[in-house]
DNA sequence: TTGTATGCGTTATCAT
DNA sequence: ATGATAACGCATACAA
């Protein structure tokens with residue numbers, strides 16, 4: 001009887017023991033499909049993560065940390081995480097391929113891992129009624145919120161650090177500028193420089209695509225300026241590593257000739273000589289916060305919590 | 001009508017058009033729970049991956065690559081990947097917490113990501129009747145197989161490379177020795193040395209735990225030998241990086257004083273100076289092969305395919 | 001407190 | 001080729 005498992009307080013000791021005994025004996029296990037069918041709740045959270053290889057977003061090395069934290073936090077509440085295959089049913093519009101997959105499974109909520117492309121099929125989820133948390137994708141709605149790092153604050157941290165170290169000719173390598181985190185990091189960086197009266201001319205701002213090669217190319221471009229900058233803030237660690245390499249190839253030293261600050265604190269940052277000073281994201285916190293935001297919405301009654309921006313932290317290493 | 005969707009060839013053009021038209025009009029979507037309940041097939045593959053933070057196995061940086069490849073390959077066949085929360089129902093034995101989760105959901109198959117601990121709750125899955133593919137966990141059964149890299153062959157590659165480079169005083173840092181990949185890599189390495197008549201004394205074999213610090217400690221120990229080795233094979237890249245650091249701290253140079261070969265080809269290997277020569281695992285291949293092995297078992301009729309050992313590849317960089 | 005019946009949305013079986 | 005109906009396993013509302 002389902003009462004014994006779901007509302008034990010309403011059943012007598014006797015029958016409870018009896019039922020539990022029999023259940024154990026025959027190895028009874030509740031069937032989740034039947035349960036979902038009857039209750040319209042599945043104890044599953046959908047994960048929408050487009051890993052299509054034509055899109056590079058999924059390669060970001062700290063997604064694993066976020067994912068593990070997310071999964072652990074959800075598991076602690078008995079929630080499973082369903083990595084959804086897009087619904088490719090022939091004849092149906094592909095705009096809703098994720099939304100359809102979500103709806104077919106009665107998932108209790110959805111987590112969106114953004115690949116930075118603002119795919120319409122992903123955006124369509126926010127219009128649905130299902131509780132929804134996006135990571136690094138700025139999207140809100142009645143049942144939709146998002147979690148990011150405090151990218152603006154992180155940009156400020158980088159600027160303040162370089163200023164404190166006495167730098168005045170400062171440049172930056174940004175992420176792809178339509179992307180939300182890229183814009184925010186640049187804004188914070190620029191604001192902190194402005195407050196300190198340090199100039200940031202337009203040609204000291206070069207944009208990359210988060211990946212190593214673009215950081216390398218951008219730094220080469222920056223090194224051609226005269227006078228060249230004494231410090232560079234790369235808005236992502238991979239780009240910072242590329243920049244580091246360009247500096248070395250130019251026969252210059254880090255941090256003596258040029259100081260470099262990155263963003264993210266991925267594994268390489270600590271391992272690469274001379275150690276990359278970087279603005280660390282709280283990867284575990286992002287995953288955990290996403291789970292919490294979702295849990296807050298699960299009752300169905302509560303409105304979407306405010307977007308959360310998690311604090312970043314400056315990690316000083318040898319590159320500054 | 002379900003016939004229109006599942007067996008369109010048995011229904012007339014007329015009614016097909018009619019039903020499809022109405023379905024589109026009212027936005028009909030099949031309910032997966034009901035479908036699963038009726039068919040006992042869920043189009044879901046369970047992922048058993050114990051990310052408990054007390055166990056460090058989940059941190060391995062290339063799991064993300066495997067996971068993405070696995071998910072993509074499954075998605076291409078319309079299969080969703082369910083990351084299962086262990087079933088912690090009070091009063092039930094924890095030995096079967098994963099098995100129970102698997103059974104409750106009617107998943108069509110299971111993929112096991114091993115954390116190296118041979119958790120009994122994980123092993124219990126192989127006794128079930130559900131198709132089952134393990135990664136780097138040597139386990140077979142009527143419905144259970146596994147995918148690994150050819151660790152033995154990889155160990156050989158490392159040894160042959162060092163021998164070709166003219167090294168004769170060679171040492172190795174192994175993984176934790178009960179672990180299957182650790183044993184295999186050592187076996188292959190040892191065999192290739194023996195065939196070439198190069199000795200590998202017992203005190204030239206030190207074991208670590210895959211992580212950086214253990215590689216660092218192991219290398220310090222190896223450097224105390226007299227005469228010290230001219231080449232070291234670290235059976236994992238993180239340990240190799242630790243070893244690299246220990247060499248530098250001892251005031252020695254890589255590769256001039258000591259050559260180092262790693263295993264895995266994680267991101268850092270390419271980024272860290274002077275570039276780490278390493279035995280690359282085919283991460284995408286592992287994920288894809290796991291999906292294929294599972295798909296081969298899905299009909300339910302087929303026996304488990306033979307275990308697959310994917311070829312490894314030597315990537316020569318500056319450290320040798 | 002406990003038993004019973006109906007519904008959840010789909011598939012599958014049996015007639016038609 | 002199509003229509004009707006009984007499972008599938010559980011939750012729930014209603015009776016007892």
Take residue A:37 and decide whether it is facing another protein chain (nearest Cβ under 10 Å), in a helix (DSSP H, G or I) and either within 29 Å of residue B:63 (Cα to Cα) or within 16 Å of DNA strand D (Cβ to nearest atom) (or both). yes
Just a yes or no: is a residue in segment A:233-251 assigned by the TED database to the domain that holds residue A:171 and assigned to a strand (DSSP E or B)? yes
Selection within segment B:35-55 - surrounded by fewer than 16 Cβ atoms within 10 Å (Cβ to Cβ) and at pLDDT 90 or above: B:38, B:39, B:40, B:41
Of the conditions (1) in contact (Cβ under 8 Å) with a residue 24 or more places away in the chain; (2) within 13 Å of DNA strand D (Cβ to nearest atom), the single one that residue B:47 does not satisfy is (2)
From B:142, B:131, B:176, which residue is more than 19 Å from residue B:206 (Cα to Cα), more than 14 Å from chain A (Cβ to nearest Cβ) and surrounded by fewer than 20 Cβ atoms within 10 Å (Cβ to Cβ)? B:142
Quick one: residue B:93 ticks every box in (1) closer than 28 Å to residue B:31 by Cβ; (2) surrounded by fewer than 22 Cβ atoms within 10 Å (Cβ to Cβ) except a single one, so which number is it? (1)
Selection count, segment A:117-141, where residues are within 15 Å of residue A:305 (Cβ to Cβ) and not in a loop (DSSP other than H, G, I, E, B): 6
Which residue, of A:307, A:255, is surrounded by 15 or more Cβ atoms within 10 Å (Cβ to Cβ) and under 21 Å from the mean Cα position of the chain (by Cα)? A:307
Out of B:90, B:61, report the one residue that is at pLDDT below 95 and within 16 Å of the chain's Cα centre (by Cα). B:61
Candidate set from segment B:61-116 (those that are assigned to a strand (DSSP E or B) and facing another protein chain (nearest Cβ under 10 Å)); member that is farthest from residue A:75 (Cα to Cα): B:80
Within segment B:180-198, can you find the residues that are surrounded by fewer than 14 Cβ atoms within 10 Å (Cβ to Cβ) and assigned to a helix (DSSP H, G or I)? B:194, B:195
Residue in segment A:25-33 that is near DNA strand C (Cβ under 9 Å from one of its atoms) and modelled with pLDDT of 90 or more present: yes
Could you say whether any residue in segment B:199-207 is within 30 Å of residue A:265 (Cα to Cα) and either surrounded by fewer than 16 Cβ atoms within 10 Å (Cβ to Cβ) or over 29 Å from the mean Cα position of the chain (by Cα) (or both)? no
Using the structure shown, decide if residue B:217 is under 20 Å from residue B:186 (Cα atoms) and surrounded by fewer than 21 Cβ atoms within 10 Å (Cβ to Cβ). yes
Quick check: is even one residue across segment B:101-122 free of Cβ contacts under 8 Å to residues at least 40 places away in the same chain, closer than 25 Å to residue B:300 by Cβ, crowded, with 20+ Cβ neighbours inside 10 Å and in contact with a strand residue (DSSP E or B) (Cβ under 7 Å, 6 or more places away or on another chain)? no
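Residue-by-condition table, conditions (1) touching a strand residue (DSSP E or B) at 6+ places or on another chain (Cβ under 9 Å); (2) assigned by the TED database to the domain that holds residue B:277:
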position: B:144; (1), (2): yes, no
position: B:169; (1), (2): yes, yes
position: B:188; (1), (2): no, yes
position: B:203; (1), (2): yes, yes
position: B:212; (1), (2): no, yes
position: B:218; (1), (2): yes, yes
position: B:225; (1), (2): yes, yes
position: B:228; (1), (2): yes, yes
If you scan segment B:277-290, which residues turn out to be closer than 14 Å to residue B:65 by Cβ and touching a residue at least 60 places away in the same chain (Cβ under 8 Å)? B:281, B:282, B:283, B:284, B:285, B:286, B:287, B:288, B:289, B:290
Are any residues in segment A:3-32 assigned to a helix (DSSP H, G or I) and near DNA strand D (Cβ under 7 Å from one of its atoms), and if so, which ones? A:3, A:5, A:6
For segment B:203-216, check the following and say yes or no: at least one residue is at pLDDT 95 or above, within 14 Å of chain A (Cβ to nearest Cβ) and out of contact with any helix residue (DSSP H, G or I) (no Cβ under 7 Å at 6 or more places or on another chain). no
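The values are calculated or read from the model by the stated rules, or taken from the named source; none is laboratory data. Just so we're clear, the structure is a prediction, and the values are computed from it rather than from any experiment. Glycine also receives a Cβ, built like all others from the backbone with ideal geometry; neighbour counts cover every protein chain displayed.
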